[in-house]
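The values are calculated or read from the model by the stated rules, or taken from the named source; none is laboratory data. Bear in mind the structure is a predicted one, so any value in this text is a computation, not a measurement. So basically every Cβ, Gly included, is an ideal-geometry build from the backbone, and we count neighbours across all protein chains shown.
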Amino acid sequence: MDKIFVYAEAAEEGVADCSLELVGRARALADQHGFVVGSILIGHELRNWATELIHYGADEVHIVDGGPASTTNMLFHAKAVAEVVKAEAPEILLFPATITGRDLAPRVAVRLGTGVTADCTSVEIGTYDDPLTGKRYEKILYQIRPTFGGTVMAAIVTPYHRPQIATVRPGIYPVPSKDETRTGQIKEWPIGRAEEEKSCIEVLEVKREKRKVDLKSARIIVSGGRGAKPEGFKLIKELAEVLGGEVGASRAAVDAGWMPYDHQVGLSGQTVKPDVYIAVGISGAIQHVVGMKDSKLIIAINNDPEAPIFKVADYGLVGDLFVVLPKLIERLKRTC
Amino acid sequence: MGLNIVVLVKPVPDPKEPPRFKPDGTLDRLAMKLALNPYDKYAVEAALQLKEAVGGTILGVSMAPPHALDALREALAMGVDEFVLLADKRLAGSDTLATSYALSMVVRKVWSNLGKLDLVLCGVESSDSNTAHIGPQIAEWLGIPGVSYVDKILEVSAEAVKVKKIIEGGSMTLLVKTPAVLSIAGTTYVPRIPTLRDVLSARRKSVTTWNIDEVGIDPARVGLLGSPTRVVRMWAAEVKRKGKVISDQDPDRLVDEFLEELRKDGISLR
Amino acid sequence: MDFTITKEQEELKAVVREFADKHVFPRVVEFEANQEIPPEIVKEMARLGLFGVVFPEEYEGLGLDPITAGLVLEELVRGDPECSLAVAFLVHTSWGHIACKYGSEELKEDVIKRAARGDLWIGIATTEPGAGSDLTGISVTAKKEGEGYVLTGEKAYISGVKEAKEKGTWFKDGGGHVTLAYTDKTKGHRGMTLFFIPLTDPGITVRLEKEFGRKGWSFGSFTINEVKVPEFYRIGDEGKGFYIAMEGFDHARAYIALTCAVAGKRALEIAAEYTKQRRAFGQPIAKFQGVQFQLAEHWSRLEAAHALAYKALWALKMEQEGKLNRFEVTKIAASAKLFAVEAAKAALDGAMRWMGAFAYTEENPVALAWKAVKSYDWAEGSLDIMRLIVAREVLGKEYIG
């Protein structure tokens, strides 16, 4: 049977949720269209993780253990994925569109001489009638992604080359439920050791750290206003951190001294247009709105159902931010 | 030491202007004003800072139709010394695999002309297609090390560079053998605004235009037919505000309902 | 007739716009609150070459014409509708040009080269506590003494005194003012001479005024206490000062006309955006024809003012090419200033009204523009003087005064 493969990205403790989401999506497509779901797991001593992947929906897991250095050496990952895929010949290969996946997928595509589509927000299986050859292709992967800065959507296919490779944005598909009774095959691949790549790239240090405020290029901004109070900003910062975004503020919050000026959004602050703007405890005074109205997605959290911010929001949550934010943070921590 | 640095840049539809569509719903690329890809400016700035620190030559390379040169001239105004434009009608419709192949062939030719190549820099992605493919793919085609999401070039020697790269939730420091391809991300390299004098003198700098035959590019591997991926269709993304207001006394249900709405609409908060 | 601009001019504009969008507009409120332009912004202007636009290339300038200087100024005003950057740019550009045109070779080597690099700012000082529109009332005198001149007196309501006095903060060498003085008081107009006076001279004492608007660029008076300048700091011949100053005013007025037209348009854009967001009586106020019609009226007038300002800049260029005479240029420049100031004041008044009470705060760029434009009721020639000039040129000298 044809195969869909998912690259399993490692998080600190186990397979990253973004990869589990893709295993879940692959499972759903497989059940509907008749595929085998496989996963490629690269790193050192990861057999337990392989079982996890099976519990989440994989039929087979291909482990490549290249020694301790294989966790961080991406050249080794590229080589390993390419080798496994050459041998197993899946129809479809999915990567999470993380920093790692976005680096790895295009490399693997060159090694395999095939196409790759980045940052899909949806992957579907369908039939493709090729206008050039007049030929019909069955069970083709439709790779749907935003382009032109999110203003345009595109549906893309890879008709003649295999595998069809795509990276998929994290958080689009839910993490599937775990079924510990599921069973599957685990196969180990001896593909050399990661240290062999050391002559080209050597990892000297890995550090977890925070970056400084940059509202203009932030993809996500969580902003607080008069309603947030200094305690609210603690929650806002935490939410921003969970989402990998920056913290913004209304003029009221800056004037009150809760946030420094370089966080201010609005007519007398910065004009921003992130992918997601979350306004917390901001009433939606026009002076603020003109600075953020071009954000791609606006979410407002406010306890006043009449607050004008809801008129410019895609999603509005009416509620006390001090109750809603902790819940939201907790839920998002679980899913991403 | 004198580094030979190639900076890859791309003209993109000016991100400050809305996209234009033809009556049939496809993008009207010719009607859109072009600008230098904003992410590439970080790469140009990184190259300039390296040159200022240790000396060298910066060569700009782009694959684009000749009319895009006006947009690319900003790189010359910023301080790129010379420019090579790969322009050929047969390249139209190239996807990332075909584009990276073609650009890697240009880099090969430049490399052999210069005799020595130290670094190939590019922006981590483009503001129009945002794939982030080109940097890593060129490294693969050339068979040299490549690092993407480079935040800062920490040290450079005749044989290697030490770079700090962004990873999920942190950073990684790497020692990379040169020549290498680095995709520059982040805002460490704040692009300088060219001076008025630089703008005026950029018009006098040398720009070489090559077609694919001059570079030895296989025409069968580029253009629409040489590209594995096909765009089936494009449509304008819905930008209207949804205006969905959720109200529930119970915060758990409120948050659940909200996340469910997002999921239904296929929206990711990451 | 051709309103298109060259690719090169487009690229120059783009650079200045990027600077203005990134570094200027977000901080305009700060200029007003702190009553100064942050020095790093002025230094960046210098690095970009904005202080060298019209100076010849042989004196380290860019050798560009007044129209191109106008295109640059336009972007500065878009970024700073509060107009402090405009003052810094247009005064320096106009009077630097005059100093360069009439100054000696030594002055160009010494002063103009530094001015073009942005190391030295050039201002203008004609007004005094007892003399404004009627300059024959000035009291500053210059006495020839050995190899130079000794100047004494007081100038008042002068722009850029602080920036010129404080060496190193905004400009490496501070600055100086093109100063009108009597070399022979008995001769009236014909006894006046222009000098370049560095305000960094210890004989100069500066006193700041609290200006009503465009607070980012200082404004005040300075006393000249027996300040000796070398002979080559004299700009033009003795007795020619008044006439050369009138030529400088033509330059400044053309740039001011452009400043007002652009500040007005920018304010209308900001206010228009506001009216789309602001709702009253169930709809955005932009949907009320009462707002729409006023907007259209103001916009049209500003469009005319904008075109006339460029005609004035074009006239300056034509004069440089020997294709127009002084009188024609003076007339166009005066018309341009007269029309643009009035059109911009009316438009800003309207724009403030639509923005409601928020307009009446110092956080609102439209209000800041309103205050700035108001200064041009007087600065570089009052509106009534503009009327006199235009009337004189239309009717003939014999009907005036």
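No other residue among C:Phe249, C:Phe232 is out of contact with any Gly (no Cβ under 7 Å at 6 or more places or on another chain) and either part of a helix (DSSP H, G or I) or buried (at least 24 other Cβ atoms within 10 Å of the Cβ) (or both) apart from C:Phe232.
Only residues that are surrounded by 20 or more Cβ atoms within 10 Å (Cβ to Cβ), of a type outside the set (Ser, Thr, Tyr) and in contact with a Lys or Arg (Cβ under 9 Å, 6 or more places away or on another chain) were counted in segment A:252-284, giving 14. Would you confirm whether any residue within segment A:220-228 is over 30 Å from A:Trp49 (Cβ atoms) and under 19 Å from the mean Cα position of the chain (by Cα)? Yes - at least one qualifying residue is present in segment A:220-228.
One residue alone among B:Val124, B:Val147, B:Val161 is more than 17 Å from A:Thr98 (Cα to Cα), aliphatic (A, V, I, L, M), surrounded by 24 or more Cβ atoms within 10 Å (Cβ to Cβ) and out of contact with any His (no Cβ under 7 Å at 6 or more places or on another chain), and that residue is B:Val161. Scanning segment C:21-33 for residues being touching a residue at least 12 places away in the same chain (Cβ under 8 Å) and surrounded by fewer than 23 Cβ atoms within 10 Å (Cβ to Cβ) gives a total of 7. Listed by first and then second residue, the pairs with beta-carbon distance under 6 Å, at least 6 apart or on different chains, first residue in segment A:63-89 and more than 14 Å from chain B (Cβ to nearest Cβ), second assigned to a helix (DSSP H, G or I), are A:Ile63/A:Ala50; A:Val64/A:Ala80; A:Gly66/A:Phe76; A:Gly66/A:Ala194; A:Gly67/A:Ala194; A:Ser70/A:Phe76; A:Ser70/A:Ala194.
Taking the conditions (1) touching a helix residue (DSSP H, G or I) at 6+ places or on another chain (Cβ under 6 Å); (2) modelled with pLDDT of 95 or more; (3) closer than 20 Å to C:Met352 by Cβ in turn, C:Phe293 satisfies each one other than (1).
Tallying residues that are surrounded by 23 or more Cβ atoms within 10 Å (Cβ to Cβ) and either closer than 28 Å to C:Glu18 by Cα or within 14 Å of chain C (Cβ to nearest Cβ) (or both) within segment A:219-244 yields 3. How many of the residues in segment A:136-175 are on the phi < 0 side of the Ramachandran plot, in a loop (DSSP other than H, G, I, E, B) and in contact with an Asp or Glu (Cβ under 8 Å, 6 or more places away or on another chain)? Going through segment A:136-175 one residue at a time, the tally reaches 9. Within segment A:253-295, being of a type in the set (S, T, N, Q) and assigned to a strand (DSSP E or B) holds for A:Gln264, A:Gln270.
Within segment C:49-71, the set of residues being assigned to a helix (DSSP H, G or I), within 12 Å of another protein chain (Cβ to nearest Cβ) and surrounded by fewer than 24 Cβ atoms within 10 Å (Cβ to Cβ) comprises C:Glu57, C:Thr68, C:Leu71. No other residue among B:Asp81, B:Asp88 is surrounded by fewer than 24 Cβ atoms within 10 Å (Cβ to Cβ), modelled with pLDDT of 95 or more, more than 14 Å from chain A (Cβ to nearest Cβ) and touching a Ser or Thr at 6+ places or on another chain (Cβ under 7 Å) apart from B:Asp81. The residue list B:Val176, B:Val232 contains one member that is touching a Cys at 6+ places or on another chain (Cβ under 8 Å) and facing chain A (nearest Cβ under 7 Å), which is B:Val176. For segment A:139-154, a tally of residues being at pLDDT 95 or above and surrounded by fewer than 19 Cβ atoms within 10 Å (Cβ to Cβ) returns 1. Just one residue in the set B:Ser206, B:Ser171, B:Ser129 is at pLDDT below 95, more than 9 Å from chain A (Cβ to nearest Cβ) and touching a strand residue (DSSP E or B) at 6+ places or on another chain (Cβ under 9 Å); that residue is B:Ser206. Within this structure, A:Glu188 fails the test of being in the same structural domain as A:Ala30 (by TED's automatic domain parsing), part of a loop (DSSP other than H, G, I, E, B) and not hydrophobic (A, V, I, L, M, F, W, C). For segment B:21-38, taking the residues that are at pLDDT below 85 and among the basic types (Lys, Arg), the one that is farthest from B:Val9 (Cα to Cα) is identified as B:Lys22. Filtered by the rule that a residue be in a strand (DSSP E or B) and farther than 29 Å from C:Cys83 by Cβ, segment C:163-191 gives a lone residue, C:Tyr182. Quick one: in segment A:43-98, of everything that is among the acidic types (Asp, Glu) and assigned to a helix (DSSP H, G or I), which residue is farthest from A:Ala166 (Cα to Cα)? Among them, the one singled out is A:Glu52. Considering every residue within segment A:203-212, establish whether at least one is more than 25 Å from A:Thr51 (Cβ to Cβ), more than 21 Å from the chain's Cα centre (by Cα) and not in a strand (DSSP E or B). Yes: segment A:203-212 contains one or more residues that are more than 25 Å from A:Thr51 (Cβ to Cβ), more than 21 Å from the chain's Cα centre (by Cα) and not in a strand (DSSP E or B). Restricted to segment C:8-34, and to residues there that are aliphatic (A, V, I, L, M) and closer than 19 Å to C:Ile270 by Cα, the residue that is nearest to the other protein chains (Cβ to nearest Cβ) is C:Val29. Taken across segment A:218-240, residues that are within 16 Å of A:Asp275 (Cβ to Cβ) and among the acidic types (Asp, Glu) do not occur at all. Segment C:277-374 holds helices (runs of 4 or more DSSP H) entirely within its bounds, and those carrying 2 or more residues that are within 14 Å of another protein chain (Cβ to nearest Cβ) and touching a Pro at 6+ places or on another chain (Cβ under 6 Å) map to C:365-374. Exactly one residue out of B:Ile144, B:Ile138 is more than 14 Å from the chain's Cα centre (by Cα) and either at the interface with chain A (Cβ under 10 Å from one of its Cβ atoms) or assigned to a strand (DSSP E or B) (or both): that is B:Ile144.
Taking the conditions (1) touching a Cys at 6+ places or on another chain (Cβ under 8 Å); (2) at positive phi; (3) of a type outside the set (D, E, K, R) in turn, A:Gly43 satisfies each one other than (1). Checked against (1) touching an Asp or Glu at 6+ places or on another chain (Cβ under 7 Å); (2) at the interface with chain A (Cβ under 7 Å from one of its Cβ atoms); (3) at pLDDT below 90, B:Asp248 passes all but condition (2). All of (1) touching a residue at least 60 places away in the same chain (Cβ under 8 Å); (2) of a type outside the set (A, V, I, L, M); (3) out of contact with any strand residue (DSSP E or B) (no Cβ under 6 Å at 6 or more places or on another chain); (4) within 19 Å of B:Glu82 (Cβ to Cβ) hold for B:Glu52 with one exception: (1).
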